[in-house]
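The values are calculated or read from the model by the stated rules, or taken from the named source; none is laboratory data. Note that the structure is predicted; figures quoted are calculated from it, not measured. Heads up, the Cβs are rebuilt from the backbone with ideal geometry, glycines too, and the neighbour counts pull from every protein chain shown. The protein model used for the area step is the full one, side chains on, heavy atoms only, and it has no ligands, DNA or RNA in it. Shrake-Rupley method; radii C 1.70, N 1.55, O 1.52, S 1.80 Å.
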Amino acid sequence: MLTGVADGIMCCLLGSTNNAVGPLESVESSDGYTFVEVKPGRILRVKHVCPPPVGDQPPAPIQPEGEQGGLVHCKRRITVFRNGQLVVENLGDMLRTDLLQVYNNINETPSPLELELSEPSSMMGNGQGEGVRPGSGPGGRRRKIRRPKRTINIDCEKRVTSCKGAQADVVLFFIHGVGGSLAIWKEQLDFFVGLGYEVVAPDLAGHGASSAPQVAAAYTFYALAEDMRAIFKRYAKRRNVLIGHSYGVSFCTFLAHEYPELVHKVIMINGGGPTALEPSLCSIFNMPTCVLRCLSPCLAWSFLKAGFARQGTKEKQLLKEGNAFNVSSFVLRAMMSGQYWPEGDEVYHAELTVPVLLVHGMHDKFVPVEEDQRMAEILLLAFLKLIDEGSHMVMLECPETVNTLLHEFLLWEPEILGPPDHPDASATEKK
C-alpha cells in the first residue's frame, strides 16, 4: 500500500527510492541484500541466500547428470491455421495425461480431452493455397479447408529430476509482479532457505529498493525481461527453478523459452492465460500521472478488495509488509502501459517443454480460473492446483499451503515405465 502521498510525490520528482545506490556493478549491503547493476545506472536489489552447510556437514553433491529422474520424450506438432485455429498434437512415447496421473496420484483413467486426428494425406493442393476434403453433405459437395499457416515440430528428451534442498546445482528464482517487491515472497524465502535451498529474489526496476528511472521505456516488457535475463545469467546453475507471480509469470515464461537447458521447472502463481500481452486502451492507468497520484489511496483500497479473499486487519498488515503498490504513480502507469509482448501467445507457450506447476487462488478477481485452466491445456506438461481460501496474493494469504505445493513439485520426478500398451498412445489433443 502507498506509504503516503508525499512520499509518492517525492519519488516522482526525484526519480529515486529509499535505499537507492550509485552505479556499481555489484555491492553487498549490511542487511543481506545485493545491489546489481544490470545496465549502466540501472540498479536492482536482489535477495540472494546460499545456505551454509549445517555444522561440519559438507554441501550435498551435485546430482550426476543422467543418473536419476524420469526421461520424458517431448515430441509435439503445433499447427496454426490461417483462420486462427490452433491444433496441438502430442506425439511422444507417453501421453501427457499419463504423467498427470502419476503426479496427482490418480488411479483411474482420466477423462478424455477433445481429440482430433490430423489427416494431411487427404489434403490436395488446388494451386491457390487451399485444399479440399471429400464431404458427406448433400450432393457430394466438397468442403474447402485451409492449409496450415505454419507448423512447429518439437522433438527432444528431457530428464526431470527431484530438486532437493542443499543440492549445490539447484537455485530457486522468485519474480514478483506489478506493484510488489521481493518482500511478498518472505514466507517462501524463509521456508526454502530453512530447507537448504539457494534462493534468488530481485526487485523489478522501480519497485522495492531498485532504481526507478524516470523514462517510460525503462518499464516495457522487453526492458524488464532483459533485467531478469541478467539476474538469471548471474546466479543460474545447472538446475534452476523459476517461480513467478502475476506479471512475473511472463518473465519466467520468457526465461524458460530462452534457456530450455537451464530451466528445470517453472511455477506460475495466478499468472493468467497463454495470451500475448497488450495494454488496455481503456485502463485507469492511462490517466495522467498526477491523477493517479491523487487516486492512489483508492487504488490501494481496490487492490485490497480484489487481491485478498478477506479484508481484515491481518490482510491489511500483509499488504503493507508485502509493499504492494509501494511504487510511484509514474512507475505504476509505465508498467501497465508497457505490457506489450506479442510473441508471448499460445504457440509460444505450447513450445515450452519444461514441467510447470500452476497455482491459482479461487477468489482471485484479477485472473479468472478459466485462464489458468487454458494455460494448463496449452502447456505440454502442466499441473493445476487450486486453493479455495486464496485470492490473487495467495502466497501471502495461505503461505503454508503454497509452500507445501511448491515443495512437493520440486521433489517430484516422473516415473517413466516405458511406452503405454493401450491403442490410444498416438492420439492427438486439440487445443
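Here is how the numbers come out for the structure above:
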{"quantity": "Inter-residue pairs, beta-carbon under 9 Å, first closer than 13 Å to Met228 by Cβ and in segment 173-188, second open to solvent by 10 Å² or more (accessible area, probe 1.4 Å) and of a type in the set (D, E, K, R), 6+ apart", "calculated": "Phe174/Lys47; Leu182/Arg45; Leu182/Lys47"}
{"quantity": "Residues of segment 242-266 classified as β-branched (Val, Ile, Thr) and farther than 14 Å from Gly180 by Cβ, total", "calculated": "3"}
{"quantity": "Residue, nearest to Leu242 (Cα to Cα), within segment 162-191, restricted to residues that are surrounded by 21 or more Cβ atoms within 10 Å (Cβ to Cβ) and of a type outside the set (A, V, I, L, M, F, W, C)", "calculated": "His176"}
{"quantity": "The listed residue being over 19 Å from Tyr340 (Cα atoms), under 17 Å from the mean Cα position of the chain (by Cα) and among the acidic types (Asp, Glu), out of Asp227, Asp203", "calculated": "Asp203"}
{"quantity": "Residues within segment 217-226 that are over 30 Å from Ala168 (Cα atoms) and crowded, with 16+ Cβ neighbours inside 10 Å, tallied", "calculated": "5"}
{"quantity": "Whichever residue in segment 152-169 is assigned to a strand (DSSP E or B) and among the hydrophobic types (A, V, I, L, M, F, W, C) and, among such residues, is farthest from Met395 (Cα to Cα)", "calculated": "Ile152"}
{"quantity": "Residue tally, condition hydroxyl-bearing (Ser, Thr, Tyr), open to solvent by 10 Å² or more (accessible area, probe 1.4 Å) and under 21 Å from Glu413 (Cα atoms), over segment 227-283", "calculated": "1"}
{"quantity": "Lone qualifier among Asp345, Asp364, Asp388 - being surrounded by 18 or more Cβ atoms within 10 Å (Cβ to Cβ), of a type outside the set (Val, Ile, Thr) and on the phi < 0 side of the Ramachandran plot", "calculated": "Asp364"}
{"quantity": "Scan of segment 45-88 for residues that are modelled with pLDDT under 80, in a loop (DSSP other than H, G, I, E, B) and among the hydrophobic types (A, V, I, L, M, F, W, C), ordered by number", "calculated": "Val54, Ile62"}
